[in-house]
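I have placed the structure first, in the form of structure tokens, so that the comments after it can refer back to it.
What follows is calculated from the coordinates using simple rules that are stated; it is not laboratory data. Note that the structure is predicted; figures quoted are calculated from it, not measured. Every residue, glycine as well, gets a Cβ built from its backbone with ideal geometry; the counts of neighbours run over all protein chains shown.
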Amino acid sequence: MNNKTKVIITAIICTGVFLYFENNHIVTTQINVKSSKLPDAFDGYRIIHLSDLHNKRFGRKQEALVRKIKDARPDIIVITGDLIDSRHFDAEASLELIRQIVNSAPVYYVTGNHEMRSGQLETFVNALKETGVHVLQNAYDRISRDGDWIYIMGIDDPFVSQERFMEVGIAKREIERMVNETQENDGFKILLAHRPDMFPLYSEYGFDLIFSGHAHGGQIRLPFIGGLFAPNQGFFPRYTSGKYKLWNSVMVVSRGLGNSLFPQRLFNRPEIVVLTLSKGNQCACE
Ligand SMILES: [Fe+2]
């Protein structure tokens, strides 16, 4: 073997290791959100946010993922859709992860576009419910803690069918209904919604905190620029990762755990978000 061949083989191996690392080495992102509306009992409340698994199995790294989740000692875990991938439906990959974490904290879930178009939505949702997951399909729950409470609401992804792709009107109607039903006082409200590009709509209804996914961090993250491409946002998308503020709402977007059509992440490792709520005024610059 000559030197040129050795260099080429070494370069191929190094590239392979790097690409594997980018898709499989999970990072934990810590986010703090302050709100003057937060009830006292929820000061320090910890929420783990997972999104967009897309059937991903982490193999030996799965143990590390479960440990990271448990070590964070969450009060609740929220999942913002696309647990499965509709192109090659496999419910067991996500159910396996759910079974490993469901006893760590109450798990709340909303659908993504992949569940909605899978043709197996009902079966999958029933399987999630059997594991103990709270499925919020245009529904809400009241979380109580030491005499205080907050609302958590969830909307189905507005994907309805191939012919009627975006039914934003349905999402708007359901949000409006839930907000009207819970407006007896001005309590702290969390919304789980798969699509971050609808942030202005969520903000219009006064949600204090929104969790979202779908963008996969823009798939490839460029230095100083951010994500390259995201569905429904196109190139150089606005909402791909971290915390955004609009009016009185804060939205947190997870970069997600898996991949869909494009199978590779670059400078955008799979992510779990650990969010801590605290009392105080949220600064627009945070
Ligand atoms: Fe999605």
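Annotations
- Semi-axes of the equivalent ellipsoid of the chain are 32, 21, 20 Å, computed as sqrt(5λ) over the eigenvalues of the C-alpha gyration tensor in descending order.
- The range 1-29-the range 88-154 distance, computed between alpha-carbon centres (Å): 37
- For the range 162-212, size of Cβ-based charge dipole, Lys and Arg +1, Asp and Glu -1, in debye: 140
- Fewest-first ranking of Asp148, Asp85, using other Cβ atoms within 10 Å as the exposure measure: Asp148, Asp85
- Helix-only arithmetic for the chain: the sum of -39500 (n - 2.57) across DSSP H runs with n ≥ 4, divided by the residue total, places the mean residue ellipticity at 222 nm at -8500 deg cm²/dmol.
- Going by neighbour counts of Cβ atoms within 10 Å, the residues Glu96, Glu22 line up, fewest first, as Glu96, Glu22.
- Exceeding the 24 Å Cα-Cα cut-off - candidates Lys68/Lys243; Lys61/Lys279; Lys6/Lys56; Lys68/Lys189; Lys189/Lys245; Lys56/Lys172: Lys61/Lys279; Lys6/Lys56; Lys68/Lys189; Lys56/Lys172
- Three-way shape label, the range 15-94, alpha-carbon gyration tensor, a/c 1.5: prolate
- Förster-model FRET efficiency, 51 Å R0, Ala11 and Ile170, C-beta, rounded to 0.05: 0.50
- Label sites at Lys4 and Lys129, each approximated as a point 7 angstrom past Cα along Cα to Cβ, lie 6.5 nm apart.
- Theoretical FRET efficiency, 1/(1+(r/R0)^6), r = Cβ-Cβ of Glu181 and Arg99, R0 45 Å, to 0.05: 0.90
- By the count of other C-beta atoms within 10 Å, a proxy for reagent exposure, Ser86, Ser144, Ser104 are ordered fewest to most as Ser144, Ser104, Ser86.
- Label point distance in nm, His25-Arg142, each placed 7 Å from Cα along Cα→Cβ: 4.7
- Inter-site label distance for Arg46 and Asp71 at 7 Å from Cα along Cβ, in nm: 1.1
- Simple point charges give the picture: +1 on the Cβ of Lys and Arg, -1 on the Cβ of Asp and Glu, and for the chain a dipole about the Cα centre of about 1280 debye.
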